[in-house]
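The values are calculated or read from the model by the stated rules, or taken from the named source; none is laboratory data. None of the values given here were measured: they were computed from a predicted structure. Cβ placement follows ideal geometry from the backbone for every residue including glycine, while neighbour counts extend to all protein chains displayed.
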Amino acid sequence: MSLRVFKLMILRSLRNRGISAFVLALPLPRMSLGGGRLPTKLGLYPWTLSLWSKSSIPIRKVEYVDANGIHQIISDPKLLKAAAGCFGLLGIVTHLTLELQPMSYAVMRPEKPDINLAIPPLKPEDVPFALKKTFTPEQLAEATRRFEERVEKDYYSEFFWFPFQQKAWVHCWNPVDDQRGAEEYPPTFEIWLQWIQGWLGGVIIETEFFKAIPGRWQAEFLATLSMAALPPQFFGKHDTEIKTSMPDALHFRRGTQNMRCRDMELQIPIPGRKDDPSKPDWTIVQRAWWDAINLVYSDPESPMRLTLELRIMADSDIIMAPQRGNKHGTASIEVLSIPDAVSDGEWQPFLQLIADKWMSYEKIYGQELNVRPHWAKEWFGLNFGGIPARKYLKTVAYKKEIPEFRDTLKKIGEAQGWGLADIKRRFSNDLWDDLVLDTVQT
C-alpha cells in the first residue's frame, strides 16, 4: 500500500469518528501505524493514544478548542503526557499530528493448542478435572519455555480461551521488513463474512430462546462458533501461515463490535523474579489465567460465556495509563460475557470473585503490585482489595498520578489562558470532579 493511500485511510477513519488529523510521516516509501506489544519503546516519544482497539499511535501535536472556545495547540512532550490521555477534560480535540512508523509486515501462525500447553499450569492440581490430560514432564517443560519466550520476546502476544473448551487460541508474532508474499488480510469476502458473523451473533444472543437455555449451553454454543471462525480453520488458504501488513495483522478481526458484550479487564504488573528482580516473573500470568479458568468451572452455569483474553503490554509514559510504571510489562487480562448473564444477576458477583483473585497476588510475590482496571471496561460497583472502586482508583491505583495529571493540566491552562475551574465547569462530570478536580473551586 502506498503512503498516500494509507494516509487517506487514516484520515477517513479519523473523520468517521468526528476527528480531523494532519498526519506527518517520515519520508519513507511505506509507513505503518505500529502497535502490538512494545509500542511505547518504538519511536521518539514513548507515550501513545489509542484510537483503535489494539493499535497505539505516538502523538506529536494535539490541537483543540478549550473551555473558552479558543483554538489551542500542544506540542511540548512533557505536556503531551497528559494531553494525549486526558479523558476529554482538555477540550474538544480538532486535529492530531501523529508519527508513523516504517511499514513492516507480520508472519502470523495462529495456533489452537491444548489448554494445558497454551499457558501451562504451575502445578497439575491447578487444572480442573474436565480439562486434565496426560502430558510428559518434558512436554510441559517445553510448553512453559515456549510460553515464556512468547510473552517476553514476541512483539504481539495474545491468548484466548472460550469456556469449557479443551483448546485455547494463541496468536503471537513478530514484524518483518520483507514484504514479499504479503497479502491483504482478511480478504474482502472474509471481512464481509466476519461482519455478518458479528451481526448474527448479536441477533442470536438477544432472542428469547437463547436467553431461556442454560448458561452452559449458551457458553458452549458461542465457544464452538468462535473457535470455528478463528484461524487456522478447517478450510481456506490461510490455514498455516498468514503474511500481511502490520495494520492488517493488528486488526485481523472485523465486525465483532456488532455483538453486545460485558467486559472487565485488569492490568496486572509483571513482578520481578525473587532470585533476580531485574528479570520478569511470568508465573503471575500462569496463575491469573488458571485462577480464572477454575472460577469458570466452579459454576456449571458460569456467567463468563464469551471468553478469557490475555495480552502482554509494555510500560507507558502517559500519566494516567494503567500500564504506567510497570517496567517488566503488564498482563492485560479480561473476562467477557453476554447481557443475559447480567440480567440473571450472576455477572457482578463473578466479577468480584475474579477481581479478588487477581488482586491477591502481592502476598504471593512479596512485592507491591499496583493492579489497575481498564478505564473503559467494567469496574463501577466492584471492590478492589476491599476498597470501593472509585476510592481505590483515587487513593491507591493513581495516588501519585492524579496530582501529577492535575498539575500538568494546570500548566497547560496557565500557558494558554484557561484554568482548572474552566474545564471543571465545561467538560467534567461527577467521576472526574471526584477523582481529579475535587480540590478545584468553581
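Quick rundown of the values:
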{"item": "Some residue of region 222-233 being assigned by TED's automatic domain parsing to the domain that holds Val170 and part of a strand (DSSP E or B)", "result": "no"}
{"item": "Within region 271-381, helices (runs of 4 or more DSSP H) holding 1 or more residues that are in contact (Cβ under 8 Å) with a residue 60 or more places away in the chain, under 28 Å from Glu152 (Cα atoms) and not hydrophobic (A, V, I, L, M, F, W, C)", "result": "283-297, 347-358, 361-365"}
{"item": "Residue list for region 388-418, filter: buried (at least 16 other Cβ atoms within 10 Å of the Cβ), over 23 Å from the mean Cα position of the chain (by Cα) and aliphatic (A, V, I, L, M)", "result": "Leu409, Ile412"}
{"item": "So Asp299, is it in contact with a helix residue (DSSP H, G or I) (Cβ under 6 Å, 6 or more places away or on another chain) and closer than 25 Å to Leu131 by Cβ", "result": "no"}
{"item": "Enumerated helices (runs of 4 or more DSSP H) restricted to region 386-442, each holding at least 1 residues that are over 26 Å from Gln348 (Cα atoms)", "result": "401-416, 420-426"}
{"item": "Selection count where residues are of a type outside the set (Lys, Arg) and without any contact (Cβ under 8 Å) to a residue 60 or more places away in the chain, scope region 145-172", "result": "4"}
{"item": "Test: residue in region 275-290 that is of a type in the set (Phe, Trp, Tyr), more than 21 Å from the chain's Cα centre (by Cα) and in the same structural domain as Pro388 (by TED's automatic domain parsing)", "result": "no"}
{"item": "Any chance Ala288 is closer than 30 Å to Asp407 by Cα, touching a Phe, Trp or Tyr at 6+ places or on another chain (Cβ under 9 Å) and not acidic (Asp, Glu)", "result": "no"}
